[in-house]
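Presented below is the structure to which this report refers.
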Amino acid sequence: MKKVLAIILGGGAGTRLYPLTKLRAKPAVPVAGKYRLIDIPVSNCINSEIFKIYVLTQFNSASLNRHIARTYNFSGFSEGFVEVLAAQQTPENPNWFQGTADAVRQYLWMLEEWDVDEYLILSGDHLYRMDYRQFIQRHRDTNADITLSVIPIDDRRASDFGLMKIDQAGRVIDFSEKPKGEALTKMQVDTTVLGLNKEQAQQQPYIASMGIYVFKREVLIKLLREKLERTDFGKEIIPDAAQDFNIQAYLFDDYWEDIGTIEAFYNANLALTQQPQPPFSFYDEEAPIYTRPRYLPPTKLLECHVTESIIGEGCILKNCRIQHSVLGVRSRIESGCIIEESLLMGADFYQPSVERQCSIEKNDIPVGIGTDTIIRRAIIDKNARIGHDVKIINKDNVQEADREGQGFYIRSGIVVVLKNAVIPDGTII
């Protein structure tokens with residue numbers, strides 16, 4: 001894998017994940033209590049022995065840069081690196097990244113400097129575990145110019161994805177973006193060609209792109225140099241190349257979730273608490289997910305009732321009830337609280353106990369969740385200060401609301417409390 005260079009696309013403005021992307025890039029959004037989204041593709045690369053990794057970003061990239069600098073530091077004796085390439089203005093190109101392909105095009109001069117055979121293009125906002133070695137081996141075995149990683153899809157979800165058709169050799173011959181009706185039926189394929197058994201192939205007769213690609217070095221350079229008006233891989237570059245290049249499909253038949261929306265992000269996090277077997281597990285010694293080591297103290301629980309939950313390190317929970325929830329690092333929950341089906345991202349710092357005591361006496365709200373507060377079906381971003389006797393329960397069952405001035409949004413019925421927000425005592429949402 002020394003001849004492979006990985007390029008992780010950091011995504012655009014992350015509007016579908018707003019307000020979690022208000023102050024951070026999409027790949028820097030916290031997940032599962034202690035990780036960030038970028039840790040997933042980077043860890044997959046490291047576990048696949050791919051150590052040359054660039055991350056392309058342009059929006060709110062400060063916290064992402066900080067996380068990568070503190071987490072991924074290979075020794076000086078290897079060529080390995082994880083480096084952020086942010087959008088920049090140059091005399092040749094004064095514009096921001098115009099799309100996934102344009103982002104790679106603007107840094108092509110740097111990518112060409114590496115003596116590699118393949119470029120592996122990844123997305124920064126997916127949750128999955130994949131051995132890219134098998135993917136790249138399939139690419140080499142079929143002598144493909146481009147190989148796309150695809151997942152099998154059933155009738156119910158097929159029209160939400162970009163679909164493709166393949167011939168008997170696994171070569172991609174047609175594309176269709178979110179087809180419906182008769183156009184959808186035309187995109188059915190025999191997925192036994194890619195390795196599914198007959199029964200699975202009947203249940204999942206479509207294949208959808210995961211937004212993960214391997215390009216031969218010279219093919220990527222040629223396509224980006226010749227088609228300057230083409231700015232997106234999935235919608236333009238790859239469909240256009242199907243006539244002249246050998247594009248192969250590689251079937252990934254395991255858990256994969258695009259967590260680009262608030263609802264998908266919320267559901268993917270809470271699914272991690274499922275028993276007996278969550279769809280995705282961070283407990284895999286063969287292929288661990290890496291993140292920044294924080295050296296936090298263990299979590300302290302004082303007379304708590306906790307069921308079906310994940311609790312990050314460094315938390316202090318007092319006489320509360322936590323059910324089917326994920327609590328991030330340094331979460332503080334005072335007595336009498338009830339947290340149900342919620343994702344709390346925790347805090348970036350501890351307030352000294354003296355400071356906490358003073359702030360309570362002065363009626364200032366400390367970082368964390370105040371006494372006798374109820375939180376149900378919500379996402380609480382980092383460093384939020386939630387007062388005493390607050391109810392975040394979406395009592396009117398509102399589906400969409402923008403209340404930035406009051407410190408929260410509602411997306412798909414899920415209340416999202418902003419980072420650093422202050423929710424006063426007695427508030428009912």
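The values are calculated or read from the model by the stated rules, or taken from the named source; none is laboratory data. Bear in mind the structure is a predicted one, so any value in this text is a computation, not a measurement. Note: ideal-geometry Cβ built from the backbone for every residue, glycine included; neighbour counts use all protein chains shown.
Screening VAL416 on (1) buried (at least 16 other Cβ atoms within 10 Å of the Cβ); (2) over 24 Å from the mean Cα position of the chain (by Cα); (3) among the β-branched types (Val, Ile, Thr) shows it passes everything except condition (2). Just a yes or no: is a residue in the stretch 396-411 under 20 Å from ILE310 (Cβ atoms), among the β-branched types (Val, Ile, Thr) and assigned to a strand (DSSP E or B)? No: zero hits. One residue alone among ILE322, ILE289 is under 27 Å from the mean Cα position of the chain (by Cα), part of a strand (DSSP E or B) and surrounded by 13 or more Cβ atoms within 10 Å (Cβ to Cβ), and that residue is ILE322.
Of the helices (runs of 4 or more DSSP H) lying entirely inside the stretch 165-242, not one is found with 3 or more residues being surrounded by 16 or more Cβ atoms within 10 Å (Cβ to Cβ) and touching a His at 6+ places or on another chain (Cβ under 9 Å).
Those helices (runs of 4 or more DSSP H) of the stretch 63-151 in which at least 2 residues are touching an Asp or Glu at 6+ places or on another chain (Cβ under 9 Å) and modelled with pLDDT of 90 or more, considering only elements entirely within it, cover 132-141.
Yes or no: TYR107 in contact (Cβ under 8 Å) with a residue 24 or more places away in the chain, closer than 29 Å to TYR283 by Cα and either β-branched (Val, Ile, Thr) or out of contact with any Ser or Thr (no Cβ under 8 Å at 6 or more places or on another chain) (or both)? For TYR107, the condition - in contact (Cβ under 8 Å) with a residue 24 or more places away in the chain, closer than 29 Å to TYR283 by Cα and either β-branched (Val, Ile, Thr) or out of contact with any Ser or Thr (no Cβ under 8 Å at 6 or more places or on another chain) (or both) - is not met. Cβ-Cβ distances below 7 Å connect the following pairs, each with a first residue in the stretch 272-297 that is more than 20 Å from PHE74 (Cβ to Cβ), a second residue that is outside any loop (DSSP other than H, G, I, E, B) and not hydroxyl-bearing (Ser, Thr, Tyr), and a separation of six or more residues or different chains: LEU272/ILE310; LEU272/VAL326; THR273/ILE310; THR273/VAL326; PRO278/ALA271; PRO279/ALA271; PHE280/LEU127. Per the listing ALA268, ALA264, the residue uniquely over 19 Å from SER149 (Cα atoms), without any contact (Cβ under 8 Å) to a residue 60 or more places away in the chain and within 25 Å of the chain's Cα centre (by Cα) is ALA264. Looking across ILE339, ILE374, one residue alone is of a type in the set (Val, Ile, Thr) and farther than 21 Å from PRO298 by Cα. It is ILE374. Just one residue in the set VAL422, VAL416, VAL367 is in contact with a helix residue (DSSP H, G or I) (Cβ under 7 Å, 6 or more places away or on another chain) and closer than 24 Å to CYS315 by Cβ; that residue is VAL416. Note on the stretch 48-78: residues that are touching a residue at least 60 places away in the same chain (Cβ under 8 Å), surrounded by fewer than 18 Cβ atoms within 10 Å (Cβ to Cβ) and over 23 Å from ASP348 (Cβ atoms) total 1.
Residue-by-condition table, conditions (1) among the basic types (Lys, Arg); (2) in contact with a His (Cβ under 8 Å, 6 or more places away or on another chain); (3) free of Cβ contacts under 8 Å to residues at least 40 places away in the same chain:
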{"site": "GLU308", "(1), (2), (3)": "no, yes, yes"}
{"site": "ILE322", "(1), (2), (3)": "no, yes, yes"}
{"site": "SER325", "(1), (2), (3)": "no, no, no"}
{"site": "SER335", "(1), (2), (3)": "no, no, yes"}
{"site": "PRO352", "(1), (2), (3)": "no, no, yes"}
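Exactly one residue out of ASP154, ASP145 is among the charged types (D, E, K, R), touching a helix residue (DSSP H, G or I) at 6+ places or on another chain (Cβ under 7 Å) and buried (at least 18 other Cβ atoms within 10 Å of the Cβ), and it is ASP145.
Does PRO239 meet the test of being of a type outside the set (Val, Ile, Thr) and closer than 30 Å to ILE369 by Cβ? Considered against the rule, which asks whether it is of a type outside the set (Val, Ile, Thr) and closer than 30 Å to ILE369 by Cβ, PRO239 comes out as no. For THR15, the conditions (1) of a type in the set (Val, Ile, Thr); (2) closer than 27 Å to GLU400 by Cβ; (3) surrounded by 23 or more Cβ atoms within 10 Å (Cβ to Cβ) are fulfilled apart from (3).
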